[in-house]
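The values are calculated or read from the model by the stated rules, or taken from the named source; none is laboratory data. All figures in this text were calculated on a predicted structure; none of them were measured in a lab. Ideal geometry is used to build each Cβ from the backbone, glycine not excepted, and the neighbour counts take in all protein chains shown.
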Amino acid sequence: MKVKLDIFIVILVAALVAIVTVPAGAAVEEIAYRGQVLSVNQSGGTMTISAGYQYGCNYSGAKPNCSWLPVPVSNLTGTVPDPAAFGVFRAGDQVAATSMGGPGGIWIGLAKIFPTPGIENWLATDIVGDPDSLPVGLASDYYFSYETAAECGNCTGSVCNARYANITLNSTTIPVLRKSLLPGGSAFYNGRNDNSSVLVGFVKGQALSDTCPGMSGMVGLQPVSVFTIHVNQAVAGSPPQVPGVTTLPSTPGGQAMPSTPGPSPAPTKAPSDLIVPIAALGVAGAVLLRKEI
């Protein structure tokens with residue numbers, strides 16, 4: 001009886017940790033997998049991957065210890081975040097993929113990754129979907145983050161459509177590009193001397209509705225945004241020389257952003273802090289780590 005009680009206590013503690021680490025407004029499970037693309041179905045809008053790893057965290061220490069954990073291989077099919085995925089992914093590609101609401105079903109983030117010597121978390125040359133949903137970094141020492149601003153007249157429960165996204169691209173620790181993008185806008189950076197470049201497109205987005213007047217404390221779906229990111233990798237052996245930041249206040253297509261779009265929106269993502277638990281067995285919870293990439 002004592003053994004059963006001890007097991008119950010362990011599970012209960014893990015569940016309580018899960019409760020306190022779920023961010024406000026985030027109620028739907030997200031699961032990150034790593035594996036290989038088995039097939040793409042453009043007419044059906046889906047991608048199938050063979051997943052042999054799942055991203056998870058061990059809560060036994062003072063801080064969560066998060067890593068890719070081997071799991072029984074399973075074939076998972078989900079809808080892609082945007083049709084742009086069909087121009088990026090092919091059968092046989094290594095991929096990190098995050099689903100929302102259960103295994104497969106809906107991919108909210110897809111990353112084309114490659115084996116990276118010396119690190120467990122492989123790096124990505126391409127991302128389609130929400131970069132914050134993927135526990136992978138960008139190739140060539142680039143790091144991407146964003147914030148979205150809510151369109152307060154166009155909300156459903158806990159989320160609103162995004163009016164625009166403020167993006168930041170860092171080269172190592174140095175910000176090299178900042179831009180406000182309307183949906184459909186893009187930004188390009190090639191300011192280093194190592195032949196590398198980054199192309200970012202903002203397809204569409206969401207923001208938390210509690211940033212809008214009278215809507216604080218709303219609980220429900222977490223916001224999900226869709227980006228396309230492509231990194232042209234640096235030439236081997238070329239250390240980057242990074243110039244100062246480039247600020248581009250307008251978007252392509254003649255749609256200029258307001259000269260002062262208003263105060264910076266409250267972040268809808270909290271890089272490295274938002275941990276969404278998905279299980280309470282074995283490693284005391286496999287989770288997805290929302291992070292800056």
Number of positions in the stretch 155-207 that are free of Cβ contacts under 8 Å to residues at least 60 places away in the same chain, surrounded by fewer than 19 Cβ atoms within 10 Å (Cβ to Cβ) and β-branched (Val, Ile, Thr):
3
Spans of strands (runs of 3 or more DSSP E) in the stretch 179-293 with at least 2 residues at pLDDT below 80
246-248, 275-277, 287-289
